[in-house]
Amino acid sequence: MNMLPYLLLSFALIVSISGVDEKYTTKYDNMDIDQIVSNDRLLSKYVQCLLDLAACTVDGLELKKNMPDALETDCSKCSEAQKVGSEKIISYLIDSRPDYWTPLQKKYDPTGEYTEKFIEERKVKAEIST
């Protein structure tokens, strides 16, 4: 009896099951987001990396690689620290640095779909906390 079909089916099942709990690396979860937003040189380097205008650091490459998926999946593979950090930096960019936010939005959210959703969720959180 040929076992190849059963092996392929088993492999496909294992791959699909293992992908369910897939998360982004937590290697950079302890980065100080406040330090990044308060240091324009550092923030600018990340923005330039994301916009393909400059070379990326290792952590910048990781961010750039995962950005489209994180947007599409509502950060479903993000750790809690990544979700909090993302909210903090996106809020900062929208509120204080439109010069950075606008080109990032054009590249990663050209329809404005994710930005609109983020702003709406931020409003709801603000209403709940008051």
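Figures for the structure shown
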{"item": "Evaluation of residue 115 against (1) surrounded by fewer than 14 Cβ atoms within 10 Å (Cβ to Cβ); (2) without any contact (Cβ under 8 Å) to a residue 24 or more places away in the chain (one fails), failing number", "result": "(1)"}
{"item": "Selection within segment 17-50 - modelled with pLDDT of 90 or more, farther than 19 Å from residue 81 by Cα and either β-branched (Val, Ile, Thr) or touching a helix residue (DSSP H, G or I) at 6+ places or on another chain (Cβ under 6 Å) (or both)", "result": "42, 47, 49, 50"}
{"item": "Contacts under 7 angstrom Cβ, first residue in segment 118-130 being without any contact (Cβ under 8 Å) to a residue 24 or more places away in the chain, partner of a type in the set (S, T, N, Q) and surrounded by 10 or more Cβ atoms within 10 Å (Cβ to Cβ), 6 or more apart", "result": "none"}
{"item": "Any chance residue 38 is under 19 Å from residue 95 (Cβ atoms), free of Cβ contacts under 8 Å to residues at least 12 places away in the same chain and of a type in the set (S, T, N, Q)", "result": "yes"}
{"item": "Elements of type helices (runs of 4 or more DSSP H) contained in segment 44-130, each with 2 or more residues being closer than 22 Å to residue 26 by Cβ and small (Gly, Ala, Ser)", "result": "58-72, 80-96"}
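The values are calculated or read from the model by the stated rules, or taken from the named source; none is laboratory data. What you are looking at is a predicted structure, and each value in this text was computed from that prediction instead of being measured. Neighbour counts are summed over all protein chains in view; Cβ atoms, including those assigned to glycine, are modelled from backbone coordinates with ideal geometry.
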